[in-house]
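Below is one structure, written out as structure tokens; the observations come after it.
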Amino acid sequence: MNLLTAQQARMFYEMSASILDLPQPHMARVEDLQIPTRDGQCIQARLFAPSLRSDTPPLPCLVYFHGGGFTIGSIQTHNVLCRELARIAHCAVISVDYRLAPEFRFPTATHDAWDALQWVHHQALQLGLRPGALAVGGDSAGGTLAAVCAHHARDANLSLALQLLIYPGTAARQDTASHSTYENGFMLDKATVDWFFGHYIDAADRDDWQFAPMLAPKHEGLAPAWIGLAECDPLVDEGVAYGDLLRMAGVAVDLEIYQGMVHGFVNMGRVIPEAKRAHADAGHALKKAFSVAP
């Protein structure tokens, strides 16, 4: 991927997603949304729900940010995952198409993510969602955005039932043992990580906690976390370390490491059966969190 332009890589990712992922489950409600951002632009989002607004009481909602190194990925590449989470948890999922690098560098994606979460919170009734029953989630770079949003939500007194983090990036530097062990031959290689971050962020900003949530001033009071990691992933060590950091701050953490899995496996259910177990685990964590949320 690092030999491609960002535009070529996006096309490649879209094509591979349609080949590797599971068939999409039916959703009773699929609705395209436009979310305003702080700079006056609108970003696209898509709402998935397993039932029509008229059929059931208002559903809780997960706001989801796709992975792709802040450079690739879209609503479509994570279409199946978001539908599966909605189906299993019996909740709505709003998948957010935040703006991508290199056209929009840091911190645009973090601003878009937080703007989207606040908008969903304020528009819950108009969207037919249950007010106050909100979670945030994402995979890889989207997991980073979700973790950052959990910090902003705590500081804004916006209650979250759960932060659902699938192999998130949490550290400023890629210097853990797993980055060395799995730097080549395990799907997400070092050259691709460097390519992503070269498009996304300046070296001077790498220690900003909105890029590396492990560096946030405090972690107390955050929403409970479900963290799903792949064993053979450069990001696994920082995912474990972030879970430990949250626990030490008194945050409830459920952490699962999927043995033998590589980065991105949750979007490869057609060829990696373990993806279906990760979908089920994440969906059940969501369902449980929403059932105990106020």
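Of all residue pairs spaced 6 or more apart or on separate chains, those with beta-carbon atoms under 7 Å, a first member in the range 7-28 that is in a loop (DSSP other than H, G, I, E, B) and a second member that is of a type outside the set (Ser, Thr, Tyr) and surrounded by fewer than 17 Cβ atoms within 10 Å (Cβ to Cβ) are Asp21/Arg270; Leu22/Arg270; Ala28/Leu52.
Against the conditions (1) buried (at least 19 other Cβ atoms within 10 Å of the Cβ); (2) assigned to a loop (DSSP other than H, G, I, E, B); (3) among the hydrophobic types (A, V, I, L, M, F, W, C), Ala133 satisfies every one except (2). Of all the numbered requirements in (1) closer than 23 Å to Val80 by Cα; (2) of a type outside the set (Val, Ile, Thr); (3) touching a residue at least 60 places away in the same chain (Cβ under 8 Å), Gly239 misses one, and that requirement is (1). Looking only at the range 207-218, residues that are in contact with a helix residue (DSSP H, G or I) (Cβ under 8 Å, 6 or more places away or on another chain) and more than 17 Å from Trp114 (Cβ to Cβ) come to 2 in all.
If you go through the range 146-202 and keep only what is hydroxyl-bearing (Ser, Thr, Tyr), within 30 Å of Cys91 (Cβ to Cβ) and touching a strand residue (DSSP E or B) at 6+ places or on another chain (Cβ under 8 Å), you end up with Ser159, Tyr167. For Thr71, the requirement of being of a type in the set (Ser, Thr, Tyr) and within 18 Å of Leu188 (Cβ to Cβ) is met. Mind checking whether some residue in the range 121-132 is under 22 Å from Tyr167 (Cα atoms) and either touching a helix residue (DSSP H, G or I) at 6+ places or on another chain (Cβ under 9 Å) or among the hydrophobic types (A, V, I, L, M, F, W, C) (or both)? No.
Of the residues making up the range 233-264, those that are crowded, with 17+ Cβ neighbours inside 10 Å and either among the aromatic types (Phe, Trp, Tyr) or at positive phi (or both) number 3. Report, ordered by the first and then the second residue, all pairs with beta carbons closer than 6 Å, sequence separation of six or more or different chains, a first member in the range 170-192 that is more than 9 Å from Glu238 (Cβ to Cβ), and a second member that is among the polar types (S, T, N, Q). That search, which allows pairs on different chains as well, returns Ala191/Asn2; Thr192/Asn2. Within the option set Leu52, Leu81, Leu47, being over 23 Å from Ala9 (Cα atoms) and modelled with pLDDT of 95 or more holds for one residue only, Leu47. Cβ-Cβ contacts under 6 Å between residues 6 or more apart (or on different chains), taken from a first residue in the range 111-131 that is in contact (Cβ under 8 Å) with a residue 40 or more places away in the chain to a second residue that is polar (S, T, N, Q), are listed as Asp112/Thr37; Asp115/Thr37. Here is a check on your reading of the model: is His284 crowded, with 16+ Cβ neighbours inside 10 Å and in a helix (DSSP H, G or I)? Spelling it out, it is not the case that His284 is crowded, with 16+ Cβ neighbours inside 10 Å and in a helix (DSSP H, G or I). Looking at the range 110-130 only, could you name the residues that are out of contact with any strand residue (DSSP E or B) (no Cβ under 8 Å at 6 or more places or on another chain), assigned to a helix (DSSP H, G or I) and of a type outside the set (Ser, Thr, Tyr)? Of everything in the range 110-130, those that are out of contact with any strand residue (DSSP E or B) (no Cβ under 8 Å at 6 or more places or on another chain), assigned to a helix (DSSP H, G or I) and of a type outside the set (Ser, Thr, Tyr) turn out to be His111, Trp114, Gln118, His122.
Output the residue which, of all residues in the range 143-196 that are over 27 Å from Leu222 (Cα atoms) and among the acidic types (Asp, Glu), is surrounded by the most Cβ atoms within 10 Å (Cβ to Cβ). The residue in question is Asp189. Could you tell me which residue of the range 73-108 is nearest to the chain's Cα centre (by Cα), considering only residues that are assigned to a helix (DSSP H, G or I) and free of Cβ contacts under 8 Å to residues at least 40 places away in the same chain? Only one residue tops the list, namely Cys82.
Arg46 meets the conditions (1) charged (D, E, K, R); (2) in a strand (DSSP E or B); (3) surrounded by fewer than 19 Cβ atoms within 10 Å (Cβ to Cβ) in every case but one. The failed one is (3).
Among the residues of the range 31-42, are any under 20 Å from the mean Cα position of the chain (by Cα) and in a helix (DSSP H, G or I)? No, because not a single residue in the range 31-42 is under 20 Å from the mean Cα position of the chain (by Cα) and in a helix (DSSP H, G or I).
The set of residues in the range 197-220 being exposed (fewer than 14 other Cβ atoms within 10 Å of the Cβ) and touching a residue at least 12 places away in the same chain (Cβ under 8 Å) consists of Asp202, Asp207, Lys218, Glu220.
The values are calculated or read from the model by the stated rules, or taken from the named source; none is laboratory data. All figures in this text were calculated on a predicted structure; none of them were measured in a lab. Neighbour counts run over all protein chains shown; Cβ positions are idealised from the backbone, glycine included.
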